[in-house]
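Here is the structure we will look at, set down as structure tokens.
The values are calculated or read from the model by the stated rules, or taken from the named source; none is laboratory data. No experiment lies behind these values; they were computed from the predicted model shown. Cβ atoms come from the backbone with ideal geometry, glycine included; neighbour counts cover every protein chain shown.
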Amino acid sequence: MSDRLLEWPNSAPDEPLPSGSSPASARVGGLSRIGLLMQHPLSAYYLLMGSALLLLLLGLVMVMSASSIESVRVFGSPYTLAQRQAFFAILGVVAMFVAARTSIEFWRGFAWPLVLIAFGFLIAVLIIGVEVGGQRNWIELFGPFRFQPSEIAKLALVVWGAEVLSRRNQRLDTWRGLLMPLLPVALIMMVLVLLEGDFGNTVMLGAILAGMLFAAGAPLRIFAAFAAVGAVGVWVLSLAAPYRMERILSWMNPEADRLGFGWQVTQGQYALGTGGFWGVGLGASREKWGTLPEAHTDFIFPVIGEELGLLGTLTVVGLFSLLAFAIFRLSRNTDDPYVRYAAAGVGSWVVIQAVVNIGGVLGLLPVAGVTLPLVSYGGSSLIPTLTAIGILMAFAKREPAARKALRRRSTAQALRRR
């Protein structure tokens, strides 16, 4: 058996094709190489790491471009917000690689303390929180830094919910075994986040819960009941806060109130339409000059489309697709129940949040006020998301086939040093 992790064809990629070969056979050879890579035991690990870091890098570049005008207006320098995002990115990458070196047992043991910490922050923000953009969901730290407890709650729900479901793995065929105590705890979290005025992250907590229950084999009637309760809840909340009803109405017909609630979506679509295929050029966006609200946070996707064109937006969608493929492949292939439920929770969190953000920009969904994961400005979202991906990287490395591959690599390296 070869001591190399990957077995490549003997010929180099730039060598001429053998006589009688055709471009079609070359394409088949290229596809077979991709197939070999996808079958490799560590493919999930590298797909998770690679797609997340590429999205992060793209996000850093686009935050620097999209935030420059707002940064000059508020701080007098075009680079202040970009420098803060770079600082958050460094912390997040460190957290990701630290998490990637942990074990399943560590997170199972840390599940209850983490969920209690999350509840403590969610209650504290109702008492000492500060209001930003009409939502009292931030806690001041020091200087210009603050954080959003609802982002920690998403990570806590994944880690703790996977622990609860895995311990009850043999009793998930009963309603009590499946839903208790996961459903009540998740609902209390959602109510606390909703009391802060953060409807978007309330939806994300519901998505995480649904994803883990789906991985646990919950019957479809549970999701039908959740959808019915959610629809009623949205209707009641819209009556309680008229601006939510205005958002829904503007989503249904943004042209009816183009200068009001439909302004942001309309301007975002103008930006996407202006970019064409290649874009107007990095840094050349016109919408970021105050026309498009939240250009560096919730609506960074239209700036990508304007400056990098359709090619840039498809790149973002492609990277999220790779990330989703790696996450759900890990959830499907693992033999460990905890890994399965945790991967399903993280996948539902990251992928559905990306879909909700991009869908809101395109006018396919109502604007929910959530960021584009790994791309938008903000450390409160970025650091927990990278930590969650690091946890999955740790799980991917500890799959039985991956551990064998790592042992073979360690043995080969030891032999080469002799």
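Table for the structure above
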{"item": "Number of the exception - residue 370 against (1) under 29 Å from residue 139 (Cβ atoms); (2) assigned to a helix (DSSP H, G or I); (3) among the β-branched types (Val, Ile, Thr)", "result": "(2)"}
{"item": "Out of 280, 265, sole residue that is over 20 Å from residue 371 (Cα atoms), modelled with pLDDT of 70 or more and β-branched (Val, Ile, Thr)", "result": "280"}
{"item": "Residue satisfying condition, being modelled with pLDDT of 95 or more, in contact with a Gly (Cβ under 6 Å, 6 or more places away or on another chain), among the small types (Gly, Ala, Ser) and within 23 Å of residue 207 (Cβ to Cβ), within set 345, 369, 390, 318", "result": "345"}
{"item": "Of all residues in segment 30-64 being among the small types (Gly, Ala, Ser) and at pLDDT 95 or above, the one that is surrounded by the most Cβ atoms within 10 Å (Cβ to Cβ)", "result": "52"}
{"item": "Pairs, first over 25 Å from residue 394 (Cβ atoms) in segment 73-98, second surrounded by fewer than 16 Cβ atoms within 10 Å (Cβ to Cβ), C-beta under 6 Å, six or more apart", "result": "78/72"}
{"item": "Sole residue being assigned to a helix (DSSP H, G or I), surrounded by fewer than 20 Cβ atoms within 10 Å (Cβ to Cβ) and either in contact with a Leu (Cβ under 7 Å, 6 or more places away or on another chain) or touching a residue at least 12 places away in the same chain (Cβ under 8 Å) (or both), chosen from 101, 136, 108", "result": "108"}
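Each row is one residue, and each column tells you yes or no for (1) in a helix (DSSP H, G or I); (2) polar (S, T, N, Q); (3) closer than 25 Å to residue 339 by Cβ.
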| site | (1), (2), (3) |
| --- | --- |
| 97 | yes, no, yes |
| 117 | yes, no, yes |
| 142 | no, no, no |
| 154 | yes, no, yes |
| 164 | yes, no, yes |
| 178 | yes, no, yes |
| 189 | yes, no, yes |
| 194 | yes, no, no |
